[in-house]
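Below is one structure, written out as structure tokens; the observations come after it.
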Amino acid sequence: MLELATSSGKRPLLAVELRQIVGYTRLPSLRFDVTLEKGLAVFRGKGSGHGVGLCQWGARGRALGGASYREILAHYYPGAEIRRMY
């Protein structure tokens, strides 16, 4: 969470809110760090989307290319085990 200092006091700002304000193309992911450099806030991030590691467009492309759901999940989550829970 970020904290904004305004003339009326400090206000918390969730990353989700910040992303809505600045735009999804300018801040494409919730995986980012903010540093102050020469008086400016510099955002450095990775990926696009929710930050859980799976690109929906990439998964779609793999599916259209013939990959199974197991192959897609193995690509995005190497080492994960898929098993029935019920």
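With an 8 Å Cα cut-off and a minimum separation of 6 or more residues, compute the relative contact order for the chain in percent. Here the relative contact order equals 15 percent. Between the amide H of Ser29 and those of Gly49, distances stay under 5 Å, these residues lying 5 or more places away or on another chain, with hydrogens modeled in the peptide plane.
Converting phi to 3J(HN,Hα) with the Karplus coefficients 6.51, -1.76 and 1.60 and the offset θ = phi - 60°, the stretch 14-22 yields 5, 4, 4, 5, 4, 4, 5, 5, 7 Hz in sequence order, with x at every glycine or proline. Per-residue 3J(HN,Hα) values for the stretch 72-78, derived from phi via the Karplus relation 6.51 cos²θ - 1.76 cosθ + 1.60 with θ = phi - 60°, read 5, 5, 5, 5, 7, 10, x Hz in sequence order (x marks Gly and Pro). A prolate overall shape is assigned to the chain, the ratio a/c of its alpha-carbon gyration tensor axes (a ≥ b ≥ c) being 1.5 or greater and a/b exceeding b/c.
When the helices of the chain are scored as -39500 (n - 2.57) per DSSP H run of n ≥ 4 and the total is divided over every residue, the value at 222 nm lands at -8000 deg cm²/dmol. The charge dipole of the chain, taken about its Cα centre with unit charges on the Cβ of Lys, Arg, Asp and Glu (plus for the first two, minus for the last two), comes to roughly 140 debye.
Throughout, read-outs are computed from the coordinates displayed, never taken from laboratory work. Every value quoted in this text rests on a predicted model; they were computed, and no experiment measured them. Reconstructed Cβ throughout: ideal geometry from the backbone, glycine too, with neighbour counts over all protein chains shown.
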